[in-house]
Structures are given as C-alpha cells and as structure tokens.
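Student: Take a look at the following structure, please.
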C-alpha cells in the first residue's frame, strides 16, 4: 500500500524516505537517450559509407571500354596525347576524362606519355 507524504502524520521527528521510482525512471530515461544516440551514430556512419561508395564509383574498377573494333594497344606517335587517344577510341557518350583516367590506371602512367610508348586500351 502506497501512502503519499502529505497523508503521513509524523508524531515524532523522523525521516521520510522517498520511493526510489523517481531515480529509476531517471536512470531509464538516461539509458534510452544513450541507446538512441548510439543508434543514430550507427545510422549516420552507415549512410556515410553508402554515400562514399556511390560517389566513389563503387568497387573502383574501370567501367570504361573502348569502341567496338578498337585495337588492344596503340603506339604513341609524336604529338599524340592521352586526350587525343581518348577522343579517338572512347565510345560515343563516354566522357573523355574518364577514358583518360582509365588509360592512366591501366598503363600505370604517372607523367606525360612519350612518343613510341605502347598504351594498352581499356576493354
């Protein structure tokens, strides 16, 4: 049986102990808040990974291929650039920048190519 504090008639000076439900409820609210923050942090991290994969291009493989009938490799002539190779052998609708990037990745190029170099074209 629960008795409210104002219903108590204290005859002698004493101490009234409060029922610990208030502290338990506060502890439960705090615990739920912490769990909610953890769930939010996990959700934000998962969302960041998904966005990173989408913006980063997925697995990182080259999805660019050459036009049908293009040779497997070309030998650079004087005056040839990666851009000129890209505009010649990239399929219609493919951004030449992505084709140039694929050429660099496929051939391990770090600087400007030289005349006489053999470049493998993306398949």
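We did not get these values from a lab; they are worked out from the coordinates using the rules stated. In this text the structure is predicted, and so the values were computed from the model without any measurement. Using ideal geometry, Cβ is built from the backbone for each residue, glycine included, and neighbour counts are taken over all protein chains shown.
Student: So if each residue of separation counts as 0.36 nm, and I subtract the Cα-Cα distance between residue 29 and residue 105, what length gain in nm does that give?
Tutor: Going from the current span to full extension adds 21.9 nm.
Student: Quick check: residue separation of residue 42 and residue 67 times 0.36 nm, minus the Cα distance between them. What number comes out in nm?
Tutor: Net length gain for the segment: 4.6 nm.
Student: Average the reciprocal distances over every distinct pair of alpha-carbons in segment 73-120, invert the result, and give the Kirkwood radius in Å.
Tutor: Computed over segment 73-120, the radius equals 10.8 Å.
Student: Between residue 15 and residue 84, with labels modelled 7 Å along Cα→Cβ, what's the label distance in nm to one decimal, could you check?
Tutor: Inter-label distance under the simple model: 9.5 nm.
Student: Using the 2.2 N^0.38 Å rule of thumb for compact globular proteins, work out how segment 27-123 stacks up: its C-alpha Rg over that value, please. Numbers along the way, then the final one.
Tutor: Details: Rg = 22.5 Å, N = 97, 2.2 N^0.38 = 12.5 Å.
Here the answer is 1.80, to two decimals.
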